[in-house]
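The values are calculated or read from the model by the stated rules, or taken from the named source; none is laboratory data. Here the structure is a predicted model, which is why all the values come from computation and not from measurement. Note that we place each Cβ from the backbone using ideal geometry, even for glycine, and neighbour counts take in every protein chain shown.
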Amino acid sequence: MKWYDIKAKAKDAEIWIYEEIGDFWDGGVSAKEFAKELKALGKVETINLHLNSPGGVVTDGIAIYNLLKQNQARINVNIEGWAASIASVVAMAGDEISMAENGLMMIHDPWGLAIGNSADMRAAADVLDKMRDSIVMAYVKKAKQEDQEASSEKFAGLMAAETWMTAQEALDHGLIDNITDTVKMAASFDLSKFKYRNLPENFKPSPKDQEVIRKFESISLRVEGKYRTASGSI
């Protein structure tokens with residue numbers, strides 16, 4: 001089922017992202033698709049973004065974040081389930097960010113897959129570091145703390161630890177503006193796709209999903225032709 005939609009209502013627009021970011025996973029919303037539909041809206045005064053996503057592809061998420069930041073409309077973000085990984089960065093595009101009191105936000109370092117020689121591995125690590133710094137910048141900009149260097153160090157540390165935050169904790173860190181009433185979850189995700197280290201107990205994969213993860217980790221990768229390096233960060 002598709003959980004991504006954009007609808008215009010007079011001078012306002014409603015956007016729902018209730019799935020993965022990027023089409024690396026089947027069914028996820030890509031930055032290309034998002035840009036096309038956002039442009040089709042024309043000029044609106046307010047965009048209400050409803051967010052419930054486990055994350056996805058870093059480059060798609062950053063592009064969606066920038067598209068929203070560059071839009072002339074006021075952006076109201078409503079985290080109605082969870083905003084994990086790069087979905088938390090998309091949320092930072094909001095002029096006002098609200099989060100359900102039973103919602104979750106997770107921030108962590110980007111990770112990826114690299115294939116090739118030692119130089120390729122070092123280059124991939126450098127790219128991941130630059131992605132991390134770009135993500136940190138989005139959190140720091142939202143938090144609006146006077147000491148930006150200390151703020152950058154704080155968020156970099158939280159990302160390295162894979163930090164899961166309640167609505168109150170996200171508010172305390174300056175990443176949201178308001179806490180709203182409890183919202184019943186309206187979508188579920190196959191979390192076997194994601195290797196979260198500190199996943200809360202009620203979000204952990206079932207025994208069946210854990211078996212899928214083990215099989216995924218045992219897959220040997222084959223490189224054909226001149227294709228040397230693959231870097232897909234989520």
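If the condition is being of a type in the set (Gly, Ala, Ser), surrounded by fewer than 19 Cβ atoms within 10 Å (Cβ to Cβ) and either in a loop (DSSP other than H, G, I, E, B) or in contact (Cβ under 8 Å) with a residue 12 or more places away in the chain (or both), then the stretch 143-179 contributes 143, 152, 156, 160, 161, 174. On the given criteria, is residue 25 under 14 Å from the mean Cα position of the chain (by Cα), among the aromatic types (Phe, Trp, Tyr), surrounded by 15 or more Cβ atoms within 10 Å (Cβ to Cβ) and at pLDDT below 95? Taking the combined requirement at face value, the residue satisfies it. The residues on offer are 129, 120, 133, and the sole one that is among the charged types (D, E, K, R) and either over 23 Å from residue 64 (Cα atoms) or assigned to a loop (DSSP other than H, G, I, E, B) (or both) is 120.
In this structure, residue 129 does not qualify as over 17 Å from residue 167 (Cα atoms), modelled with pLDDT of 95 or more and crowded, with 22+ Cβ neighbours inside 10 Å.
Candidates in the stretch 13-37 are the residues that are out of contact with any strand residue (DSSP E or B) (no Cβ under 7 Å at 6 or more places or on another chain) and among the aliphatic types (A, V, I, L, M); of these, the one that is farthest from residue 90 (Cα to Cα) is 35. For residue 95, indicate whether it is surrounded by fewer than 24 Cβ atoms within 10 Å (Cβ to Cβ) and acidic (Asp, Glu). Considered against the rule, which asks whether it is surrounded by fewer than 24 Cβ atoms within 10 Å (Cβ to Cβ) and acidic (Asp, Glu), residue 95 comes out as yes. Among the residues of the stretch 80-100, is there at least one that is touching a helix residue (DSSP H, G or I) at 6+ places or on another chain (Cβ under 8 Å), of a type in the set (Val, Ile, Thr) and assigned to a loop (DSSP other than H, G, I, E, B)? No - not one qualifying residue is present in the stretch 80-100.
Please count how many residues of the stretch 49-69 are in a strand (DSSP E or B) and surrounded by fewer than 20 Cβ atoms within 10 Å (Cβ to Cβ).
1
Taken together, the criteria place residue 8 among residues that are among the aliphatic types (A, V, I, L, M), surrounded by fewer than 20 Cβ atoms within 10 Å (Cβ to Cβ) and either part of a strand (DSSP E or B) or in contact with a Pro (Cβ under 7 Å, 6 or more places away or on another chain) (or both).
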